[in-house]
Each structure stands twice: as structure tokens, then as C-alpha cells.
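Have a look at the structure below, then the notes.
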Amino acid sequence: MKIAVFSAKRYDREFLDAANAGAHTLRYLAPHLDAETASLAAGFDAVCVFVNDTLDASVLETIAAFGVKLVALRCAGFNNVDTAAAARLGIGVVRVPAYSPYAVAEHAVALILALNRKLHRAYNRVREGNFSLEGLLGFDLHGRTVGVIGTGRIGAVFAGIMCGFGCEVLCYDPTHSPLPAGAKYVTLEEIYERSDIISLHCPLTPKNHHLISAGVLAGMKDGVMIINTSRGALLDTRAVIESLKSGKVGALGLDVYEEEGDLFFEDLSDKIIPDDIFSRLLTFPNVIITGHQAFFTREALKNIAATTIGNIAEWEKTRACKNAVK
Ligand code: NAI
């Protein structure tokens with residue numbers, strides 16, 4: 001098959017080429033797939049895309065007209081694909097449901113530890129010869145209450161790690177899959193009321209868009225730490241900025257952002273960032289933002305590439321795939 005790989009970075013090429021071993025023709029394209037770039041898909045059988053590519057109905061119609069028959073996502077989430085339109089147009093959609101839950105769960109823990117012990121501030125201070133401890137006071141994680149929203153692959157691993165720290169781990173998920181020893185299911189309200197740290201591990205759906213809203217934030221503990229490594233729009237960013245200003249939210253760790261599509265994965269260090277909400281977030285000393293890097297481990301990239309190439313091969317052979325998005 002001839003595959004146009006959009007949003008391709010050096011590391012995508014390295015891992016996909018190794019997994020492909022010459023089986024398919026892969027053309028690496030730097031731009032995101034969207035309405036403006038959809039014409040680049042002409043002449044290809046499939047497109048291979050990532051989290052910030054846009055596959056709405058109009059893009060899908062354009063690529064279907066070029067004869068594209070398959071969308072191969074290099075990620076788990078598929079909120080950026082109009083799956084109904086894809087089905088209507090006869091375009092298959094396959095994804096990588098799991099590649100390393102450890103990568104994302106461990107990154108969420110890294111954000112917690114860095115925020116709590118103020119490593120981002122300590123790093124800069126020591127480099128400038130400032131060894132003062134003022135403002136660096138943290139707390140013992142041991143004995144603290146951690147709320148986990150979504151206990152699928154990543155949330156369950158995260159819950160297990162936090163149990164290992166000696167935290168009380170409260171979980172909420174509409175489907176009660178088994179939890180690591182020490183964690184327990186409670187209501188969402190109990191998570192909001194009792195947690196010192198809340199970490200989001202559920203997918204973005206129309207139903208849970210802005211799950212963490214102004215009203216929900218008001219019901220949380222004063223000084224709560226919120227961690228979001230899932231999808232930006234789970235959190236109402238404007239509301240969380242107000243809560244940071246009032247002190248209701250004591251720390252915020254983000255690996256994802258509602259409008260990240262215009263920012264993340266690119267070097268914009270010599271550009272002016274036009275997004276005032278994002279820029280405001282960067283001014284808080286108790287906010288750490290990473291640019292959607294939670295998945296970014298060697299193990300995860302290897303698994304993503306192997307599953308993506310496997311999905312394409314399976315679909316080519318049978319016009320079906322166990323990792324098809326239904
Ligand atoms: P999963 O599908 O294994 O688990 C998601 C869980 O969330 C399911 O158990 C589901 O029942 C639950 N859920 C759905 N709606 C919910 C709600 N309203 N409240 C509470 N729970 C709810 O997914 P997985 O692999 O654990 O991934 C979780 C999310 O992490 C993904 O959807 C994706 O958005 C994000 N992710 C982020 C990455 C990053 O690099 N930052 C990388 C990979 C995934």
C-alpha cells in the first residue's frame with residue numbers, strides 16, 4: 001500500500017521504517033492533515049495520522065475522492081476523526097489502542113512530583129547559585145488522597161503507582177474494571193470533595209467535554225492539584241485559570257491543552273504565541289505544562305510503529321482489523 005504519513009517527525013520515520021521493513025511505501029509529510037493539506041493525500045491508498053490531524057467530514061470527503069480507503073491513527077484517542085463520516089464514505093479507521101500505559105501513567109506521576117517538590121523552580125535556582133529553600137515547601141505524598149478519573153489501561157497503572165506511594169487512591173469509572181490492591185471505586189462527587197490530587201485518565205467525548213468546569217472546581221478541596229495527561233478539553237481552561245488565581249487550585253500539571261493543535265510538537269521558540277489563555281497559564285509558578293510528551297518513550301514508539309504497520313497489513317489483507325474504530 002502507498003501511505004501518506006502526516007505530521008511526521010524524525011522519530012516517526014525512524015520507528016515506522018524499522019517496523020515496516022520495506023513492506024509498504026511510506027511517504028513522510030511534515031504538515032498536519034487538515035482542509036488545507038488534504039490534497040497531499042492524492043495518489044495514496046491510506047493516510048497515517050496523529051493526535052492533532054483533523055479528519056472531519058470535509059477532509060474525509062476530500063481524501064475519499066482521491067481513493068484513500070484507510071485512516072491509520074498512530075495513537076489511541078480518535079476524537080479528531082468523524083467516525084460516522086468515515087463509515088459513510090467507506091473509509092476504514094484503525095488505531096493503536098494500547099502502546100505503553102506505563103509511559104503516560106509515569107509522566108502523570110512525574111508532573112505530580114515536580115509540582116509538589118517544585119523541581120522546575122529548584123532547577124533554575126541552583127543553576128543561578130540561589131540555594132534558598134523559601135517557596136519550595138512540599139508535602140509528603142504518603143497518606144494523601146489521590147482521585148483517579150478513568151481506570152482504563154493508563155488510569156489503572158497510575159492508581160497502582162500512587163498506591164505504592166502510600167496514598168489513599170479513590171477511583172471513578174462508569175465501568176468497574178479490576179483495580180490494583182489498595183485502590184477503591186467511589187462516586188465522582190467523593191473524588192472531588194476528598195482528593196488532594198486529581199488525575200484525569202478518561203477519553204474526551206462530547207459528554208465529558210469540560211468535565212472539570214467552574215462548578216466542579218468550586219466543590220474541590222482548597223489547594224487541590226489537578227493533573228491532565230488525557231485530552232485538553234476535559235478541563236475548562238478559563239475556569240481553571242480563575243481557580244489558580246483564587247488559590248482553589250494549588251497546582252496544575254498539563255500534558256495536553258484544549259487548543260494544542262496550533263502549538264504542540266513544533267519549535268515556536270522564535271515566534272510570538274498568539275494564544276492569551278495559554279500564555280496566562282505559563283505565568284503561574286505552580287503550573288507545569290509539557291507539550292503532549294507523556295507517550296514519548298522508546299517502548300511506546302516501538303509499539304506504536306509495530307501496531308500501526310500490523311493494522312495496515314491486516315486491513316490490506318482482510319478489509320477488517322481487530323484495532324478498527326467502530
Ligand atoms: P482506556 O480506553 O483504556 O480507558 C479509558 C477509561 O475511561 C475507560 O475505562 C472508560 O470507561 C473510562 N471513562 C470514559 N468516560 C469516563 C468518564 N466520563 N469518567 C470516568 N471514566 C470514564 O484508555 P487509556 O489507554 O487508559 O487512555 C486514557 C486517555 O489517555 C486516552 O483516551 C487519551 O485521551 C489519553 N492519552 C494521552 C496520551 C499522552 O501522550 N498524553 C497518550 C495516550 C493516551
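Any read-out appearing in this document is the output of simple, stated calculations on the displayed coordinates, not a laboratory observation. A quick note: this is a predicted structure, and the numbers were derived from the prediction, not measured. In this analysis, Cβ positions are derived from the backbone assuming ideal geometry, glycine residues included, and neighbour counts consider all displayed protein chains.
Would you list Phe158, Phe50, Phe131 from fewest to most Cβ contacts within 10 Å?
Numbers: Phe158 31, Phe50 20, Phe131 8.
By the 10 Å Cβ count, ascending: Phe131, Phe50, Phe158.
Given 0.36 nm per residue, what is the gain on full extension from Leu137 to Asp222 after removing their alpha carbon distance, in nm?
On the way: separation 85, 0.36 × 85 = 30.60 nm, distance 1.69 nm.
Additional length available on full extension: 28.9 nm.
For Cys167, which sequence-distant residues (separation of 5 or more, or a different chain) have an amide H within less than 5 Å of its own amide H, given hydrogens modelled in the peptide plane?
For Cys167, whose amide H was placed from the backbone, the distant partners under 5 Å are Gly143.
Using unit Cβ charges (K, R positive; D, E negative) and no other charged atoms, how large, in debye to the nearest 20, is the dipole of the chain about its Cα centre?
Values: 32 positive and 36 negative charges, 153 e Å.
So the dipole magnitude of the chain works out to roughly 740 debye.
Quote the FRET efficiency, to the nearest 0.05, computed for Val126 versus Ala35 with a Förster distance R0 of 45 Å and r equal to the Cβ-Cβ distance.
Numbers: r = 48 Å, r/R0 = 1.06.
After rounding, the FRET efficiency stands at 0.40.
Could you give the radius of gyration (one decimal) and Dmax (whole number) of the Cα atoms in the stretch 200-326, in Å?
Both quantities, over Cα of the stretch 200-326: 18.0, 57 Å.
Treat the count of other C-beta atoms within 10 Å as a stand-in for reagent exposure and order Val81, Val148 from fewest to most.
On the way: Val81 22, Val148 30.
In order of increasing Cβ crowding within 10 Å: Val81, Val148.
Running a GNM on the chain with Cα contacts under 10 Å, which residue among His210, His176, His201 ends up with the highest mean-square fluctuation?
Of the options given, His176 has the highest mean-square fluctuation.
Treating only the Cβ atoms of Lys and Arg (+1) and Asp and Glu (-1) as charged, compute the dipole magnitude of the stretch 101-289 about its Cα centre; round to the nearest 20 debye.
Working: 17 positive and 23 negative charges, 96 e Å.
It works out to roughly 460 debye.
Summing Lys, Arg as +1 and Asp, Glu as -1, what charge do residues with Cβ under 13 Å from the Cβ of Ala218 carry, Ala218 excluded?
Numbers: positive: Lys221, Lys248; negative: Glu189, Glu193, Asp222, Asp236, Glu242.
With Lys, Arg at +1 and Asp, Glu at -1, the net is -3.
For the stretch 101-289, how big is Rg over Rh, using alpha carbon atoms and the Kirkwood form of Rh? Before the final figure, lay out the partial values.
On the way: Rg = 16.4 Å, Rh = 17.1 Å.
Rounded to two decimals, Rg over Rh is 0.96.
To make sure I understand, if each residue's beta carbon is the centre and we count other beta carbons within 10 Å, what order do Tyr11, Tyr257 fall in, fewest to most? Before the final figure, lay out each step's value.
Working: Tyr11 12, Tyr257 23.
The most exposed by this proxy come first: Tyr11, Tyr257.
Using only the alpha carbons of the stretch 53-175, what is the convex hull's orientation-averaged projected area in square nanometres?
Details: hull surface 45.9 nm².
Directional mean of the projected Cα hull area for the stretch 53-175 stands at 11.5 nm².
Could you work out how far the C-alpha centroid of the stretch 203-251 sits from that of the stretch 120-146, in angstrom?
First find each Cα centre; the distance between them is then 23 Å.
With a 10 Å cut-off between alpha carbons and a GNM built on the chain, which of Val126, Val59, Val287 moves the most?
Val126
Pick out which of Lys271, Lys207, Lys302 has the largest mean-square fluctuation in a Gaussian network model of the chain, springs linking Cα atoms closer than 10 Å.
Its mean-square fluctuation being the largest, the pick is Lys271.
If the chain were replaced by its equivalent ellipsoid, with semi-axes equal to the square roots of 5 times the Cα gyration tensor eigenvalues, what would those be, largest first, whole Å?
Working: eigenvalues 267, 97, 71 Å².
After diagonalising the Cα gyration tensor, the semi-axes are 37, 22, 19 Å.
Pairs Lys69/Lys317; Lys9/Lys302; Lys245/Lys271; Lys118/Lys207; Lys9/Lys322; Lys118/Lys221: which are spaced more than 23 Å apart, C-alpha to C-alpha? Walk me through the numbers before you get to the answer.
Working: Lys69/Lys317 13 Å; Lys9/Lys302 14 Å; Lys245/Lys271 27 Å; Lys118/Lys207 34 Å; Lys9/Lys322 27 Å; Lys118/Lys221 20 Å.
Listed pairs above 23 Å: Lys245/Lys271; Lys118/Lys207; Lys9/Lys322.
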